[in-house]
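Readers should treat all values here as calculations from the given coordinates under stated rules, not as data from a laboratory. What you are looking at is a predicted structure, and each value in this text was computed from that prediction instead of being measured.
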């Protein structure tokens, strides 16, 4: 259930970014979704702050650091929190 919610929230983040890009490119009708660019910008600012504050968890990603940084900028808590939870779980087992 947690995983399904995580994926749903990730999809909503991507939808917000896609709609903001569509709005900026003029692909969405005029007068609709006027605040979508603001929402996407706020998400990016918050996720950037998260990246700076939670870098110790972001670096736990098993892939390239650039990918982990990108995933944190896109998804924030939805990316680094499972990494932190996994580390705590592995520490309890040892």
Where is the GNM fluctuation largest for the chain (alpha-carbon springs, 10 angstrom cutoff): 51, 12, 71? 12
Principal-axis tilt of helix 2-24 within the chain, Cα atoms, nearest 10 degrees: 30
So, in Å, what gap is there between the alpha-carbon centers of segment 65-93 and segment 1-51? 20
Whole-Å semi-axes of the chain's equivalent ellipsoid (Cα gyration tensor): 31, 14, 10
Connecting every pair of Cα atoms under 10 Å apart in the chain and solving the GNM, the largest mean-square fluctuation among 43, 15, 77 falls on 15
Using 0.36 nm per residue, how much length does the chain from residue 30 to residue 55 gain when fully extended, once their Cα-Cα distance is taken away? 5.1 nm
